[in-house]
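K.L.:
The structure is given below, and queries will be raised subsequently.
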There are 2 protein chains.
Amino acid sequence: MKPIRLLAVFVAWFVCVAQAFAYDGVVEKKILNLPTYTTLGGKTLKDVKVGYETYGKLNAKKDNVILICHYFSGTSHAAGKYAGEEKSTGYWNAIIGSGKAFDTDKYFVVSADILSNLNKATFPFTTGPHSIDPDTGKPYGMKFPIVTIRDFVNVQKALLDNLGIKKLVAVAGPSLGSMQSLEWGAAYPDMVERVIAVITPGLEFDPLAIARAGLWSDPILLDPKWNGGDYYGKDEPSAGLAKAMKQVTLDVYHWGWANEKFGQRWASDKNPRDSWDNKFAIEDTLDRVSEASAAGVDANAFLYIVKSAQLYRVGHGATLDEGIKRIKAKVLILPAQSDLLFFPAYGKRAAESLRKAGKAVKYAEIEGNGGHLDGVLHIDRADKLIKTFLSK
Amino acid sequence: MKPIRLLAVFVAWFVCVAQAFAYDGVVEKKILNLPTYTTLGGKTLKDVKVGYETYGKLNAKKDNVILICHYFSGTSHAAGKYAGEEKSTGYWNAIIGSGKAFDTDKYFVVSADILSNLNKATFPFTTGPHSIDPDTGKPYGMKFPIVTIRDFVNVQKALLDNLGIKKLVAVAGPSLGSMQSLEWGAAYPDMVERVIAVITPGLEFDPLAIARAGLWSDPILLDPKWNGGDYYGKDEPSAGLAKAMKQVTLDVYHWGWANEKFGQRWASDKNPRDSWDNKFAIEDTLDRVSEASAAGVDANAFLYIVKSAQLYRVGHGATLDEGIKRIKAKVLILPAQSDLLFFPAYGKRAAESLRKAGKAVKYAEIEGNGGHLDGVLHIDRADKLIKTFLSK
């Protein structure tokens, strides 16, 4: 065999082996099992499970890890798709993968469900109010302990411990995921090199946001079928939940988007002036989308995640300052320019507070008129910026 | 009697007589009675009543008239107070009165309730879904015809006809009142010299606002006690209505206000993390304020006013352009800088459209961090500006 031929064979073999390890976009759900987990509020849960996914390969030193934290109604499915399911692409697929900001040729990307994930699709692998309480043999319902952003972080920490990971190149996430990312910086400052907080409420939940999130929960509490949270296996509070989801849906968009997409169009050729049944297109679509999405959501879990957001304050201490002080990571604050839920002003305020405390902060905005959701649907616009931030 | 003494007596007499005619801040409700009124949708109501108030004195030429139109949850009580009621000051009292922008020494200021006013306090003098349908002897409920901003304007026109008024120096109003003011400009262009549109959605209702207003109504529709609008004399949908009012209340403020007033304070010394019953101060206050305000509100009327707002388009024609074309008045567009319900961008867009169509427009913003409500609670900040606008 001539040397050049030998080289070719070696290269072919190497490429083949490397590909076998490389992330090819097909992902699967894994499950973390914890015998117990004690919440920040001091309640101990038994037999805790949390679904998670990984993309790319953990290196030998286990120091090429990026943790992705999901948003309010998200799951750990941040990238790729499941075998045989073409439509199930993860929400941040645009920036996770070969050659992308979170480059799976380079990084090992981990993404875990939060406790009490609100999607029924996570029921088989993630613990929440729907789960059977081992002590009673019945679903927890509203007896599930109140959980906080710190609890989501602590469960992720247990997962990383399990995988033998001691260092994070970055923790990143949109919205509720940004709160977890910043909380990571304060909770485990020596582990986190960078925090990427996208469409973030900042370092604590703003009082207006506390109230607005409370409004989201109201229609569930108003629905008699909610029944104090005791509805599993019975008629569910679908009407209330649909109205709750309708509020969420509207709050994550911007009027620019609404103008482009709907304008003042009617839902049909029937004038809304002529009857209470005749709707505008935007109302009709919102109602239909919300009813459909509510079918996949657990009402109790919705309430728990709202509460976790309301309770958010970096470090979860008595004051915000002590939380800020603990952070050692470089922080990237990345609001969406047209966000009407977590205004860019919230991100600016956070950046200023971190800067004042002597932290390394970069602030930039995602352009667009898509509102809060630009941090998910148009995260590709920040791909280069994130790449640069990771390189420094 | 020495000449100087004579002069003094004359001056005293003159001042005394002038005062007898001048507006002294004590006002009373008057009632307009119309045998019939036919809505824009073609439905005829019988025995229509509408409450109204006037401040100042109509001159002989009847050409010193300013019409004030009220906001969503407002009434015709725009200025002054009722005899013996110290706390009942009208909502724009800061700019209506002697020496103020709407100077009652100079102008005759008229303010009327809209049809279907949502305040129960207007039940004795203003027709709405609560009124007895002469044809059935029962309250209209949801059989009350759908009313539009144009209908509110047409009833005001009937009132002015009744008073023999053919010309308006200005029509002004905040929020829903700004829609009526602009609609006046398109409906009766030869009558209206100036339009002052404060905290305005602009020339038509923005699709995002259509959807948001729909959200306001949802909790009422979700309350079983609403009962298709048939609840008069029975148990009222107070729970749903309170949640509806809570949304309205939150939407008319700004996060700057929420930070100053509440921050992340707890409602009591009990940590919201420890129980579902423990609330943040902003939530607790909102809940209490909303429950209290809901007690004075009629749920059906609330739904009717939401609908009227959603249907708003200047001129109420097939296109916005034909409405704009009709306007002859000088227009002042006056958003509140921190408005998160009717963003200043809506006002800017309206000003641009009017300018493009060759209309005389002035655009300015009310400074502050109080949100939408700055157009009511801090209208004093625009006193000078309005005075100047009226002088040109």
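The values are calculated or read from the model by the stated rules, or taken from the named source; none is laboratory data. Owing to the predicted nature of the structure, the values given are computational and were not obtained by experimental measurement. Reconstructed Cβ throughout: ideal geometry from the backbone, glycine too, with neighbour counts over all protein chains shown. The protein model used for the area step is the full one, side chains on, heavy atoms only, and it has no ligands, DNA or RNA in it. Shrake-Rupley method; radii C 1.70, N 1.55, O 1.52, S 1.80 Å.
K.L.:
Return yes when residue B:190 is open to solvent by 20 Å² or more (accessible area, probe 1.4 Å) and more than 24 Å from residue A:216 (Cβ to Cβ) and no when it is not.
P.N.:
For residue B:190, the condition - open to solvent by 20 Å² or more (accessible area, probe 1.4 Å) and more than 24 Å from residue A:216 (Cβ to Cβ) - is met.
K.L.:
How many residues are more than 9 Å from chain A (Cβ to nearest Cβ), of a type in the set (Gly, Ala, Ser) and more than 22 Å from residue A:277 (Cβ to Cβ) if we restrict to the range B:222-241?
P.N.:
2
K.L.:
Looking at the range A:79-91, is at least one residue open to solvent by less than 10 Å² (accessible area, probe 1.4 Å), among the hydrophobic types (A, V, I, L, M, F, W, C) and either part of a loop (DSSP other than H, G, I, E, B) or more than 14 Å from every other protein chain (Cβ to nearest Cβ) (or both)?
P.N.:
yes
K.L.:
Does any residue of the range B:11-34 turn out to be modelled with pLDDT under 95, basic (Lys, Arg) and either surrounded by fewer than 16 Cβ atoms within 10 Å (Cβ to Cβ) or closer than 19 Å to residue B:107 by Cα (or both)?
P.N.:
Among the residues of the range B:11-34, not one is modelled with pLDDT under 95, basic (Lys, Arg) and either surrounded by fewer than 16 Cβ atoms within 10 Å (Cβ to Cβ) or closer than 19 Å to residue B:107 by Cα (or both), which makes the answer no.
K.L.:
Quick one: residue B:52 ticks every box in (1) of a type in the set (Ser, Thr, Tyr); (2) within 14 Å of chain A (Cβ to nearest Cβ); (3) assigned to a strand (DSSP E or B) except a single one, so which number is it?
P.N.:
(2)
K.L.:
Right, here's the next one. Is there any pair with a first residue in the range A:300-315 that is closer than 19 Å to residue A:203 by Cβ and of a type in the set (D, E, K, R) and a second that is modelled with pLDDT of 95 or more and in a helix (DSSP H, G or I) whose Cβ atoms are under 6 Å apart and which are 6 or more apart or on different chains, and what are they?
P.N.:
Within 6 Å, the pairs are A:313/A:320.
K.L.:
Can you name the condition, by its number, that residue A:236 falls short on among (1) closer than 26 Å to residue B:287 by Cα; (2) open to solvent by less than 50 Å² (accessible area, probe 1.4 Å); (3) of a type outside the set (A, V, I, L, M)?
P.N.:
Tallying (1) closer than 26 Å to residue B:287 by Cα; (2) open to solvent by less than 50 Å² (accessible area, probe 1.4 Å); (3) of a type outside the set (A, V, I, L, M), residue A:236 fails exactly one: (2).
K.L.:
Given the conditions (1) farther than 27 Å from residue A:318 by Cα; (2) within 10 Å of chain A (Cβ to nearest Cβ); (3) open to solvent by 10 Å² or more (accessible area, probe 1.4 Å); (4) part of a helix (DSSP H, G or I), and given that residue B:244 satisfies all but one, which numbered condition is not satisfied?
P.N.:
So the condition that residue B:244 fails would be (3).
K.L.:
Those residues that are without any contact (Cβ under 8 Å) to a residue 40 or more places away in the chain and among the hydroxyl-bearing types (Ser, Thr, Tyr), I need them from the range B:205-224; list them, please.
P.N.:
none
K.L.:
Here are some conditions: (1) part of a loop (DSSP other than H, G, I, E, B); (2) closer than 20 Å to residue A:361 by Cβ. Residue A:166 meets all but one. Which one does it not meet?
P.N.:
(2)
K.L.:
Return yes or no: is residue A:8 of a type in the set (A, V, I, L, M, F, W, C) and either modelled with pLDDT of 95 or more or open to solvent by less than 50 Å² (accessible area, probe 1.4 Å) (or both)?
P.N.:
no
K.L.:
Can you tell me which residue among B:101, B:112 is within 17 Å of the chain's Cα centre (by Cα) and in contact (Cβ under 8 Å) with a residue 60 or more places away in the chain?
P.N.:
Going through B:101, B:112 in turn, just one is within 17 Å of the chain's Cα centre (by Cα) and in contact (Cβ under 8 Å) with a residue 60 or more places away in the chain: B:112.
K.L.:
Here's another thing I want to ask about it. Assess whether residue B:202 counts as being under 16 Å from residue B:342 (Cβ atoms), of a type outside the set (Asp, Glu), within 14 Å of another protein chain (Cβ to nearest Cβ) and touching a residue at least 60 places away in the same chain (Cβ under 8 Å).
P.N.:
yes
K.L.:
While we're looking at this one, here's another question. Among helices (runs of 4 or more DSSP H) lying entirely in the range B:258-343, which contain 1 or more residues that are within 13 Å of chain A (Cβ to nearest Cβ), touching a Lys or Arg at 6+ places or on another chain (Cβ under 9 Å) and of a type in the set (Lys, Arg)?
P.N.:
Fully inside the range B:258-343 and qualifying: B:299-310.
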